[in-house]
1. For a quick check, take a GNM of the chain with Cα springs below 10 Å and name the residue from Ala80, Ala33, Ala118 with the largest mean-square fluctuation.
2. If you consider only alpha-carbon coordinates, what radius of gyration and Dmax does the stretch 2-128 have, in Å?
3. If Rh is defined by the Kirkwood formula over all Cα pairs and Rg also comes from Cα, what ratio Rg/Rh do you get for the stretch 74-120?
Amino acid sequence: MLTCVTGFGIFQHGGFGKPHALGVITLVVLVVAALVPRTRWFGRAAPYVETLLYTFTYFFHMVPGITESLTRLPNGKPLASGPDDPLVLRWVGVSLALFVVGAALQVVALRARRRREAAARTEPRAAST
């Protein structure tokens, strides 16, 4: 959250822009993710939704990180001309693909853990009967 809030002061290019909108979206997603385990909105899917929302905020932070890095480095002759440069868009696409793979792996790991926990809860009862 702190990274997101401090970013509002960094992106001062003539008023409210895409980076600010992404910051607002990130803060909203963080609030929703924090509320998920405290509500019944998502039922049994709550752990998955919470995990995916928190992970999504990392992707949101990757977008300006990639953009700023490619448009400023190396000093004096940046690799990309601006946020809409094809190189930036490709790397954001790669970042999105990695997010999707990582999110899928998290869902698989959460499902496996929930199955193990459910099996552990039912195992003692089956042994005592």
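None of the figures in this text is laboratory data; all of them are computed from the coordinates on show. A quick note: this is a predicted structure, and the numbers were derived from the prediction, not measured.
1. Residue with maximal mean-square fluctuation among Ala80, Ala33, Ala118: Ala118.
2. 19.8, 73
3. Working: Rg = 18.8 Å, Rh = 13.5 Å.
My calculation of the ratio gives 1.40.
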